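**Q** This is the structure I want to talk about, given as structure tokens.
Nothing in this text is a laboratory measurement; each read-out follows from the coordinates by a stated rule. All values derive from a computational prediction rather than experimental measurement. We place every Cβ from the backbone using ideal geometry, glycine too, and count neighbours over all the protein chains shown.
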């Protein structure tokens, strides 16, 4: 079968294509200004987006100049980008939210309002089964809590009510995502969320997640103890120390389940029976009896939650 195009023809096409690229004249400052003015006053969303894209080109080329036109273009681009970011967050348009959010934070790294909303968007993305934004969500949560704890005060805390609630949610979201790869770090962040006055404090899920962290610790320590006891000769001091650690992990697991189960009952949570069953199982294993469980639950819930990072 004959080639449709010869090598010479292909070469000529490439030359013509490159030449046509060079022939496109770069728009002047005035042309860009006129286009931005026309498009930005349009009622069509696509025209406003073109105005924004043209504004970025304008600012890249002429943004260092000090005059009213540059100021107006910069202001338009800022307001448009921020508006589109919040629309993307509200509409669960996660790709747009993270693209625009990262653009804004590149220029304004301490913009707490954007950090709050970006973390919120990442949490919603996780709920929708989209895990691609997990690392960016953790980063925005960490930066947000760092700024809030340092005393930065945003103009508002939306989508949260106030500073304690916003800070608690950032810690909780960070902890939830960290738990997928580092259960200890996740539990530590969730603990920080629980310590603050917010609805999270009385929700069963954070305590359940901390209990699951201790489940993981207990399993690992148990396996380590088995290996230590199986070794010949047995190092009694190390085995005893490890036995104490296993017992402590069980105690902390029981404590967390008592808190989770009580809150799940109050909420009428779908998993309340599962939590109640696991609590009873762990309680009987630790105490060697069923007696006294209700009293234990009441007692635990009147005491401070142990800190995971102290274990």
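**Q** For residue 201, put the label point 7 Å out on the Cα→Cβ axis and report which residues of segment 166-195 keep their amide N under 11 Å from it.
**A** Under cut-off, by backbone N: 194-195.
**Q** If each DSSP helix of 4+ residues adds -39,500 (n - 2.57) and the sum is divided by the residues in the chain, what number results at 222 nm, nearest 500 deg cm²/dmol?
**A** It comes out at -24500 deg cm²/dmol, rounded to the nearest 500.
**Q** I need 68, 273 ordered by Cβ neighbour count within 10 Å, fewest first.
**A** 68, 273
**Q** Another question, if that's okay. What FRET efficiency comes out for the pair residue 60/residue 87, r = Cβ-Cβ distance, R0 = 22 Å, nearest 0.05?
**A** 0.35
**Q** Here's a follow-up. Return a whole-number percent for the relative contact order of the chain, with Cα pairs under 8 Å and 6 or more residues apart as the contact set.
**A** Values: 299 pairs, mean separation 28.5, N = 311.
Reported relative contact order: 9 percent.
**Q** Just order 191-203, 248-260 by mean Cβ neighbour count inside 10 Å, highest at the front, would you?
**A** 248-260, 191-203
**Q** Given (1) 0.97; (2) 1.19; (3) 1.48, which label gives Cα Rg over 2.2 N^0.38 Å as computed from the coordinates?
**A** Label (3) holds the value from this structure.
**Q** If you don't mind, another one. Whole angstrom only: what separates the Cα centroid of segment 165-214 from the Cα centroid of segment 116-132?
**A** Centre-to-centre (Cα) distance: 16 Å.
**Q** Please report the spacing between the Cα centers of segment 222-236 and segment 56-87 in Å, no decimals.
**A** Cα centroid of segment 222-236 versus Cα centroid of segment 56-87: 66 Å apart.
**Q** Can you tell me the order of 166-177, 299-310 when each peptide is scored by its average per-residue count of other Cβ atoms within 10 angstrom, highest first?
**A** Details: 166-177: 26.1, 299-310: 12.8.
With the highest mean Cβ count within 10 Å placed first, the list reads 166-177, 299-310.
**Q** What's the angle, to the nearest 10 degrees (0 to 90), between helix 45-62's Cα axis and the longest principal axis of the chain?
**A** Long axis of 45-62 versus the principal axis of the chain: about 80 degrees.
**Q** Additional query: If I take every Cα pair under 8 Å that is 6 or more residues apart in segment 65-197, average their sequence separation and divide by the length, what percent do I get for the relative contact order?
**A** So the answer I get is 18 percent.
**Q** Give the peptides 132-138, 113-119, 97-103 in descending order of average Cβ contacts within 10 Å, highest first.
**A** Numbers: 132-138: 18.6, 113-119: 25.7, 97-103: 20.1.
My ranking of the peptides, most packed first, is 113-119, 97-103, 132-138.
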